[in-house]
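Chemist: I'd like to ask you about the structure that follows.
Values quoted throughout were computed directly from the atomic coordinates according to the rules given, and no laboratory measurement underlies them. Predicted, not measured: the structure shown is a model, and the values here were computed from it. All Cβ positions, even for glycine, are placed from backbone atoms using ideal geometry, and neighbour counts span all protein chains on display.
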Amino acid sequence: MKTGEIISNKLIQGSYFQVDFYAPEICRAARPGHFVHVQIANLTHRILRRPFSICDCSSDGALRVLYKCVGEGTTALSKLQPGTVCDLMGPLGNPFLAPAADEYPILVNGGYGAAATFMLTKESSNGGLMLLGARSASDLLLVNEYEAAGFEVRVATNDGTAGHQGLVTDLLQQVIQQETTRKWRFYACGPEPMLMAVASILQKNHLSGEISLDHLMCCGVGACFACVVKVKADTPEGWRYARSCKEGPVFNSEQLYLEK
Amino acid sequence: MADLTTKLGPVTLKNPVMTASGTFGYGFEYKDYYDLRKLGAVVVKGIAPFPSHGNPTPRVAEVTSGMLNAIGLQGPGVDKFLTGDEYMPFLRASGADVIVNIWGKTIEDYCEVAARLDADCAGITALEINISCPNIKEGGVAFGTDLNLAAKVLSSVRKATSLPLITKLSPNVTNIADFARCAVDCGSDMISLINTITGMAIDIKTRRPKIANLTGGLSGPAIKPIAIRMVYQVAQAVKVPIIGMGGIMNADDAIEFMLAGASAVAVGTAIFADPYAPLKVIDGINDYLEQHNCKSVAEIIGALRLS
Ligand SMILES: Cc1cc2nc3c(=O)[nH]c(=O)nc-3n(C[C@H](O)[C@H](O)[C@H](O)COP(=O)(O)OP(=O)(O)OC[C@H]3O[C@@H](n4cnc5c(N)ncnc54)[C@H](O)[C@@H]3O)c2cc1C
Ligand SMILES: Cc1cc2nc3c(=O)[nH]c(=O)nc-3n(C[C@H](O)[C@H](O)[C@H](O)COP(=O)(O)O)c2cc1C
Ligand code: FES
């Protein structure tokens with residue numbers, strides 16, 4: 001098999017697909033939170049690659065990406081047949097810090113954010129908790145997989161079709177307020193407004209966590225300054241623009257400069 | 001192997017393919033991909049005398065066969081560029097030929113950055129002056145779209161440095177040849193073109209501009225025919241060497257630029273699709289020369305047949 005060759009590519013639920021690429025070298029180097037920059041083979045009148053979190057890596061070199069069809073690139077990707085080869089760059093970015101032996105990971109995810117943190121399940125010796133938010137029950141991803149990996153899952157949906165009706169940040173507030181003796185480590189990935197709310201809740205409670213951001217990318221390696229995000233810095237303005245493909249996509253919530 | 005050595009006025013490069021400013025960072029970002037000495041030259045992202053945040057986000061939008069960008073020249077400033085590990089010290093150690101692209105908001109800015117680089121010029125092959133920036137003292141008119149402003153900034157920079165100078169022209173003008181002649185009259189050793197073409201894109205769902213800056217510079221294959229036309233016009237107007245760019249995706253595109261009159265080329269947006277694109281262009285030019293029994297690149301420069 002050639003590197004980048006599609007092993008399988010199928011609809012899993014709603015508008016979410018799962019693609020496995022043959023990529024043994026990337027699999028060997030991949031850490032939770034890394035991403036791959038994919039040149040979608042049949043997207044010929046578009047130039048840019050599409051970035052996707054690495055959801056899982058198997059020992060036989062299958063690199064899994066879970067993606068939502070949202071536009072031209074992801075729609076084109078969903079039509080690619082096994083055997084097609086896509087050029088992959090990766091693993092790229094600054095990954096999550098794995099939980100320490102005495103830490104209990106709490107994941108706060110929205111939509112395909114559940115894919116970005118999935119490899120953390122293999123790094124935790126104490127199980128963990130995932131708070132997962134989505135529009136509707138059919139958008140909840142990887143719930144069985146997390147549970148099979150020993151994680152507790154609590155869900156929130158906007159329409160109340162599963163779990164708490166409301167936002168995943170409501171669940172986060174509850175968890176923080178609950179009395180607990182465990183040593184937490186927070187991780188979050190999902191839509192930007194949700195992540196900014198998570199960062200703000202953590203900052204207000206003097207907690208910190210690791211937040212993976214999705215920003216539009218061109219080069220993916222720090223060369224073009226397309227993907228920047230404001231982080232706190234010793235400048236007259238109190239912030240600077242950091243390249244999320246290189247210094248991120250994972251940032252510590254304390255680093256992020258939140259607009260008032 | 002054909003002889004790929006490329007003579008550009010006072011400068012000789014090992015081959016005619018460089019990276020376009022702003023698309024290859026400071027070389028450092030691609031150090032794990034290949035040996036930078038394989039490139040004709042590394043042209044770094046624009047350097048000003050001061051550090052700069054750049055524009056708000058979103059800064060880029062993909063469009064059919066190209067992209068719009070309004071990065072707004074984010075950068076470390078010349079002091080950090082000359083001393084920071086991931087900038088000039090790295091490039092010097094890499095042994096690559098380096099062209100430093102410079103910009104400013106005033107004529108004094110351009111002169112200051114040119115003089116600073118002149119005083120610390122080890123490893124610098126040439127300076128490329130980006131005149132597509134707005135002049136804040138003259139109501140934001142871009143230096144590169146006003147012949148008087150262009151002449152003032154270019155002749156001032158010429159006095160500030162003895163390094164070989166490349167003037168990078170803005171395509172957002174009616175008569176590109178006038179600006180090329182102006183650059184040569186002001187002492188430029190070479191001309192590079194084209195910079196991006198001002199464009200705009202709107203998200204029809206939100207009815208908002210796709211980039212925060214409202215307008216951005218169009219690059220990629222969408223602009224290649226315009227760039228070829230402009231290179232041809234400039235080649236007819238001036239005698240100095242031309243570095244052609246704008247939408248080069250492969251060797252065929254690069255050869256088109258050379259036939260139109262470019263002595264060298266730069267690969268930009270294509271690097272986002274494939275970091276190896278510049279190396280593939282070098283190999284492809286060599287193959288073309290061999291297939292056409294040309295001993296050197298010089299044989300195809302300006303070799304367009306009109307009859
Ligand atoms: C680090 C990172 C990890 C990601 N992980 C996943 C994942 O695991 N699963 C998944 O479904 N999606 C993920 N995304 C988002 C994914 O990259 C976009 O959904 C995808 O690029 C959309 O492409 P399109 O052509 O279908 O959409 P279009 O809207 O047609 O794309 C137009 C342009 O905008 C860019 N773009 C659009 N939406 C996004 C977005 N949310 N983030 C970044 N760029 C965007 C595209 O890359 C393209 O350049 C991730 C993004 C980043 C930055
Ligand atoms: C993201 C991006 C950043 C750029 N930054 C600069 C810059 O700092 N200075 C400059 O002179 N040109 C800059 N350019 C213009 C390119 O160097 C080049 O002139 C233009 O993109 C056309 O070539 P291309 O179509 O191969 O990209 C930039 C282009 C892009 C796409
Ligand atoms: S995508 Fe180019 S710097 Fe991040």
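Chemist: When ranked by the protection proxy of mean other Cβ atoms within 10 Å per residue, highest first, what sequence do the peptides A:65-74, A:6-15 form?
Modeler: The densest-packed peptide leads the list: A:65-74, A:6-15.
Chemist: Something else: I need to check one value: relative contact order of chain A, counting alpha carbon pairs closer than 8 Å and at least 6 residues apart, in percent.
Modeler: Working: 603 pairs, mean separation 43.1, N = 260.
Normalised by residue count, the contact order of chain A is 17 percent.
Chemist: While we're here: When the Debye formula is applied to the Cα atoms of the range A:114-226, each taken as the same point scatterer, what base-10 log of I(q)/I(0) results at q = 0.09, 0.16, 0.21 Å⁻¹?
Modeler: One equal scatterer on each Cα of the range A:114-226 leads to -0.26, -0.81, -1.29.
Chemist: Highest mean first, what order results for B:296-306, B:1-11, B:49-59 on Cβ atoms within 10 Å? Each step should come with its number before you reach the end.
Modeler: Numbers: B:296-306: 14.5, B:1-11: 16.5, B:49-59: 18.6.
With the highest mean Cβ count within 10 Å placed first, the list reads B:49-59, B:1-11, B:296-306.
Chemist: Test of the criteria: in the range A:141-232, which trypsin sites (Lys or Arg not before Pro) are in a DSSP loop and have at most 12 other Cβ atoms within 10 angstrom of their Cβ?
Modeler: On the way: sites: A:Arg154, A:Arg182, A:Lys183, A:Arg185, A:Lys204, A:Lys230, A:Lys232; in loops: A:Arg182.
Listed in order of number, the matching sites are A:Arg182.
Chemist: Under a 5 Å amide H to amide H cut-off, with H placed in plane at 1.01 Å, what residues pair with B:Leu8 once short-range neighbours are removed?
Modeler: B:Leu13
Chemist: Please compute the average number of Cβ atoms from other chains found within 10 Å of each residue's Cβ in peptide A:46-52.
Modeler: Working: counts 8, 17, 8, 3, 1, 0, 0.
Per-residue shielding by partner chains comes out at 5.
Chemist: So, one more: May I ask you to compute the full-extension gain from A:Glu152 to A:Asp234, defined as 0.36 nm times their residue separation minus their alpha-carbon distance, rounded to one decimal in nm?
Modeler: Details: separation 82, 0.36 × 82 = 29.52 nm, distance 4.00 nm.
Result: 25.5 nm gained on full extension.
Chemist: Give the Rg (one decimal place) followed by the Dmax (whole number) of the range B:124-182, computed from C-alpha coordinates and expressed in Å.
Modeler: Cα only, the range B:124-182: 11.3, 33 Å (Rg, Dmax).
Chemist: Can you pick out the pairs among B:Lys14/B:Lys152; A:Lys246/B:Lys31; B:Lys31/B:Lys210; B:Lys45/B:Lys80 whose Cα atoms lie more than 25 Å from each other?
Modeler: Numbers: B:Lys14/B:Lys152 33 Å; A:Lys246/B:Lys31 14 Å; B:Lys31/B:Lys210 32 Å; B:Lys45/B:Lys80 13 Å.
Result: B:Lys14/B:Lys152; B:Lys31/B:Lys210 exceed 25 Å.
Chemist: Compute the angle between helix A:192-204 and the longest alpha-carbon principal axis of chain A, please, reported from 0 to 90 degrees and rounded to the nearest 10.
Modeler: Around 30 degrees separate the two axes.
Chemist: Go ahead and set up a Gaussian network model of chain B, Cα springs under 10 Å, then flag whichever of B:Cys182, B:Cys111, B:Cys294 fluctuates most.
Modeler: The residue that fluctuates most here is B:Cys294.
Chemist: Given just the C-alpha atoms of the range A:15-113, how large is their convex hull per residue in cubic angstrom? Walk me through the intermediate numbers first.
Modeler: Numbers: hull volume 10.7 nm³, N = 99.
Looking at the range A:15-113, the number lands at 108 Å³ per residue.
Chemist: May I pose another question? Label B:Ala212 and A:Lys183 with points 7 Å out from Cα along Cα→Cβ: what is the distance between them in nm?
Modeler: About 3.8 nm, to one decimal.
Chemist: In whole Hz and in residue order, list the ³J(HN,Hα) couplings for the range A:2-12 that follow from phi through the Karplus curve 6.51 cos²θ - 1.76 cosθ + 1.60, θ = phi - 60°; x for Gly and Pro.
Modeler: Per residue, the Karplus-derived 3J(HN,Hα) values read 8, 5, x, 5, 6, 8, 8, 7, 9, 5, 9 Hz.
Chemist: Now, a different point. So what's the net charge close to A:Gln13: Lys and Arg +1, Asp and Glu -1, counting the other residues with Cβ under 12 Å from its Cβ?
Modeler: On the way: positive: A:Lys10, A:Lys68; negative: A:Asp139.
Charge balance near A:Gln13 sits at +1.
Chemist: Further, regarding this structure: Using DSSP to call loops (not H, G, I, E or B), can you name the chymotrypsin sites (Phe, Trp or Tyr not before Pro) in the range A:164-260 whose Cβ has at most 10 other Cβ atoms within 10 angstrom?
Modeler: Here no chymotrypsin sites (Phe, Trp or Tyr not before Pro) fit, given the DSSP loop and packing criteria.
Chemist: What base-10 log of the normalised intensity I(q)/I(0) is obtained for the protein assembly as shown from the Debye formula, alpha carbons as equal point scatterers, at q = 0.06, 0.09 Å⁻¹?
Modeler: Once normalised to I(0) and log-transformed, intensities are -0.33, -0.72.
Chemist: Could I ask something else about it? Please build a GNM for chain B, connecting alpha carbons under 10 Å apart, and tell me which residue among B:Leu214, B:Leu13, B:Leu82 fluctuates the most.
Modeler: Comparing B:Leu214, B:Leu13, B:Leu82 in a Gaussian network model of chain B, the most mobile one is B:Leu214.
Chemist: Next question. Using the Cα centre as the reference, give the magnitude of the dipole from point charges on the C-beta atoms of chain B (Lys, Arg: +1; Asp, Glu: -1; all else neutral), rounded to the nearest 20 debye.
Modeler: Approximately 580 debye in magnitude.
Chemist: Quickly work out the A:Asn42-to-B:Arg37 label distance, labels modelled 7 Å from Cα along the C-beta direction, and quote it in nm with one decimal.
Modeler: 4.5 nm
Chemist: Mean separation of Cα pairs under 8 Å and 6+ residues apart, divided by the residue count of the range A:151-221: what relative contact order is that in percent?
Modeler: Working: 64 pairs, mean separation 15.6, N = 71.
Value for the range A:151-221: 22 percent.
Chemist: Further question on the same structure: Nearest 5 is fine: what % of DSSP beta bridges in chain B come out antiparallel, could you say?
Modeler: Antiparallel bridges make up about 40 percent of those DSSP assigns within chain B.
Chemist: Using a ≥ b ≥ c from the Cα gyration tensor of the range B:6-300 (square roots of the eigenvalues), is it rounded, prolate or oblate, where a/c under 1.5 gives rounded and otherwise the larger of a/b and b/c decides, a/b for prolate?
Modeler: Here the range B:6-300 falls in the rounded category.
Chemist: Could you state the angle between the C-alpha long axis of helix A:168-177 and the longest principal axis of the C-alpha atoms of chain A, as a value from 0 to 90 degrees rounded to the nearest 10?
Modeler: 40 degrees
Chemist: Over the range B:6-300, calculate the relative contact order: mean separation of alpha carbon pairs under 8 Å at least 6 apart, over the residue count, as a percent. Spell out each step's value before the answer.
Modeler: Values: 665 pairs, mean separation 57.1, N = 295.
Result for the range B:6-300 is 19 percent.
Chemist: A further question follows. I want the antiparallel fraction of DSSP beta bridges within the protein assembly as shown, as a percent rounded to 5. Intermediate results must be reported in sequence, preceding the final value.
Modeler: On the way: 51 of 103 bridges.
The antiparallel proportion sits near 50 percent.
Chemist: Return the FRET efficiency for the residue pair B:Asp178, A:Leu11: r is the Cβ-Cβ distance, R0 is 51 Å, and the value is rounded to the nearest 0.05. Mind dumping the intermediate values first?
Modeler: Values: r = 58 Å, r/R0 = 1.13.
E between B:Asp178 and A:Leu11, to the nearest 0.05, is 0.30.
Chemist: I've got another one for you. I want to check the label-to-label distance for A:His206 and A:Gln173. Put each point 7 Å from Cα in the C-beta direction and report it in nm to one decimal.
Modeler: 2.1 nm
Chemist: Find how much the distance from A:Glu254 to A:Asn144 grows on full extension, using 0.36 nm per residue of separation minus their present alpha carbon separation; answer in nm with one decimal. Display every interim value, and only then the final one.
Modeler: On the way: separation 110, 0.36 × 110 = 39.60 nm, distance 3.16 nm.
Once the chain is fully extended between A:Glu254 and A:Asn144, it gains 36.4 nm.
Chemist: May I pose another question? Test of understanding: ordering B:Tyr288, B:Tyr30 by Cβ neighbours within 10 Å, fewest first, what list do you get? Please report the intermediate quantities before stating the final value.
Modeler: On the way: B:Tyr288 18, B:Tyr30 22.
The order, fewest Cβ neighbours first, is B:Tyr288, B:Tyr30.
Chemist: Then there's this: Per residue of B:74-87, how many C-beta atoms from partner chains lie within 10 Å of its own C-beta, taken as a mean?
Modeler: Details: counts 7, 1, 0, 0, 0, 0, 0, 0, 0, 0, 0, 0, 1, 0.
Other-chain Cβ atoms within 10 Å of each residue's Cβ, averaged: 1.
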